[in-house]
1. Condition first: more than 14 Å from Lys23 (Cα to Cα) and under 20 Å from the mean Cα position of the chain (by Cα). Can you find one or more residues in the range 57-68 that meet it?
2. Among the residues of the range 229-240 satisfying the criterion of being of a type outside the set (Gly, Ala, Ser) and either touching a His at 6+ places or on another chain (Cβ under 6 Å) or outside any loop (DSSP other than H, G, I, E, B) (or both), which is nearest to Lys106 (Cα to Cα)?
3. Consider the range 2-47. How many of its residues are part of a loop (DSSP other than H, G, I, E, B) and crowded, with 17+ Cβ neighbours inside 10 Å?
4. Working only within the range 241-256, note down all residues that are of a type outside the set (A, V, I, L, M, F, W, C) and part of a strand (DSSP E or B).
5. Can you say whether Glu104 is farther than 21 Å from Val159 by Cβ, of a type in the set (Asp, Glu) and assigned to a loop (DSSP other than H, G, I, E, B), as far as the supplied structure shows?
6. Out of the residues in the range 78-102 that are more than 18 Å from Ile8 (Cα to Cα) and surrounded by fewer than 18 Cβ atoms within 10 Å (Cβ to Cβ), which is nearest to the chain's Cα centre (by Cα)?
7. Inspect the range 301-316 for any residue being touching a Ser or Thr at 6+ places or on another chain (Cβ under 9 Å) and either acidic (Asp, Glu) or within 25 Å of Glu225 (Cα to Cα) (or both) and give the result as yes or no.
8. Being buried (at least 17 other Cβ atoms within 10 Å of the Cβ) and hydrophobic (A, V, I, L, M, F, W, C) is the filter here, so list the residues in the range 259-278 that pass it.
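The values are calculated or read from the model by the stated rules, or taken from the named source; none is laboratory data. Source: prediction; values computed, not measured. Cβ sites come from the backbone with ideal geometry, for glycine too, and all protein chains shown count toward neighbours.
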Amino acid sequence: MINKRLLIKNLLAHNDENSFYDKKRKINISLKEGKAKFLKHVCALSNSNPKNNSYIVIGVEDEDNKIIGVDFFDDSKIQNLVNAYLDNPPIVAYENIPFPHLPEGKVVGLVTIRPIEKLTSLRKNIWKYYGGSIFFREGSTSVSKVFESDIKDTNSKIVEAIEAHAQNNIKLTLDGVMDFMKNRGDYDPQYRVFKEYFVICWAGIEKKVDDNKYFSRVDIELINEQVRLFYSALDEVSINVDENTFKILEYVHLGVNNHYQYYPLEEVTITFNDNASYSIDSELLFNPPQFDKKVLHHIYNNNNALIDKLKKRQKLNLREEEDLVNLPSTYMICYLNLFHEAIDKLVEAKPYLKEHSPQTKSAFKEAMRILRKIRYN
């Protein structure tokens with residue numbers, strides 16, 4: 001089993017960007033340009049590595065390999081994006097890898113692209129790239145090329161050696177558990193061993209609503225692979241554990257005019273098998289709440305007016321400050337109630353919300369995280 005933190009260290013220590021490995025400071029697949037560039041790199045790495053894994057490491061400075069981290073990226077549906085835009089799409093996994101020196105909530109993103117031994121190409125136009133384009137890696141650059149012959153397998157032995165030096169061991173596992181228990185000591189950290197092999201640690205603030213138990217500020221890690229499975233500063237989750245499975249049911253707290261309710265969003269089930277393997281299955285459960293259209297029109301127009309005030313740097317009163325914290329979720333509710341422009345307005349508001357306060361910045365990130373899950377399905 002590969003320890004992903006050690007794998008990233010090996011990639012950064014021994015290789016500059018090349019035909020099986022790329023690094024990015026950040027990616028942004030909420031914008032068309034960022035989505036197109038990500039798909040181009042996936043296509044190029046897949047075509048250049050028909051017989052071995054290839055990787056994209058996200059959250060690293062390009063010049064000196066300094067690990068700066070990125071926000072936790074909860075995107076189990078990224079495969080749907082790849083399938084929608086690529087012919088012969090490779091299997092792609094995005095994982096969040098915690099590093100002890102990074103601030104809370106920051107991780108390094110690791111994209112693993114599995115070999116398929118088929119030619120991958122763009123299925124349709126996106127941004128400035130045309131459908132039918134085929135990309136390859138030339139050194140550290142992804143370029144469009146005409147496919148002429150079979151690609152020579154020059155990377156398999158190198159990648160096998162890097163992955164072999166990243167195998168997990170008992171010391172890394174124990175150190176990972178101890179680090180988690182220490183770093184999350186304020187949030188009642190717990191651990192569970194599955195099949196005498198896998199270790200999951202989790203922590204969160206417990207609260208009860210009626211007869212239901214929820215956790216907020218939840219952090220869940222699969223220690224063997226050093227992968228953060230779940231992280232949220234705002235939303236609530238319920239956790240159920242038995243001998244073979246670890247289940248995470250995530251809820252979102254939505255409403256208007258101070259009438260809020262918990263709505264099931266997604267259930268993730270991690271199943272541990274007797275042959276030292278595991279699988280992760282997710283099911284989207286979200287049923288968008290419907291509200292009175294007149295009320296939503298009022299909220300939508302009020303949100304637009306708030307953004308105009310932020311653009312003009314006008315001072316907000318107390319009520320407007322409260323509405324601004326709720327603006328990302330109310331824009332999202334409007335979008336889910338067929339106000340199609342609401343998502344564009346929310347993206348337009350991003351720089352102003354990030355600059356205004358930590359609360360509005362967090363609220364924006366949470367709303368976009370939820371919208372990604374819903375839209376990719």
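1. Applying the first criterion (more than 14 Å from Lys23 (Cα to Cα)) to the range 57-68 yields none.
No, there is no match, as no residue in the range 57-68 is more than 14 Å from Lys23 (Cα to Cα) and under 20 Å from the mean Cα position of the chain (by Cα).
2. Filtering the range 229-240 for residues of a type outside the set (Gly, Ala, Ser) gives 229-231, 234-237, 239-240.
When the remaining residues are screened for being either touching a His at 6+ places or on another chain (Cβ under 6 Å) or outside any loop (DSSP other than H, G, I, E, B) (or both), the result is 229-231, 236-237, 239-240.
Working: Leu229: 13, Phe230: 12, Tyr231: 10, Glu236: 19, Val237: 20, Ile239: 23, Asn240: 26 Å.
Among residues in the range 229-240 that are of a type outside the set (Gly, Ala, Ser) and either touching a His at 6+ places or on another chain (Cβ under 6 Å) or outside any loop (DSSP other than H, G, I, E, B) (or both), the one nearest to Lys106 (Cα to Cα) is Tyr231.
3. First, pick out the residues of the range 2-47 that are part of a loop (DSSP other than H, G, I, E, B): 3, 15-17, 19-20, 25-31.
Still in the running and crowded, with 17+ Cβ neighbours inside 10 Å: 3, 17, 19-20, 27, 29.
Matching residues across the range 2-47 total 6.
4. Our first condition is that a residue be of a type outside the set (A, V, I, L, M, F, W, C); within the range 241-256, this holds for 242-245, 247, 250-251, 253, 255.
Once the filter is applied, which keeps residues that are of a type outside the set (A, V, I, L, M, F, W, C) and part of a strand (DSSP E or B), the range 241-256 yields Thr245, Lys247, Glu250, Tyr251, His253, Gly255.
5. Numbers: farther than 21 Å from Val159 by Cβ: yes; of a type in the set (Asp, Glu): yes; assigned to a loop (DSSP other than H, G, I, E, B): yes.
Yes, satisfied.
6. Taking the range 78-102 as the starting set, the residues that turn out to be more than 18 Å from Ile8 (Cα to Cα) are 78-91.
Checking which are surrounded by fewer than 18 Cβ atoms within 10 Å (Cβ to Cβ) leaves us with 79-80, 83-84, 87-88, 91.
Numbers: Gln79: 12, Asn80: 13, Asn83: 17, Ala84: 18, Asp87: 23, Asn88: 23, Ile91: 16 Å.
Per the criteria, the residue is Gln79.
7. no
8. Within the range 259-278, Leu265, Val268, Ile270, Phe272 qualify.
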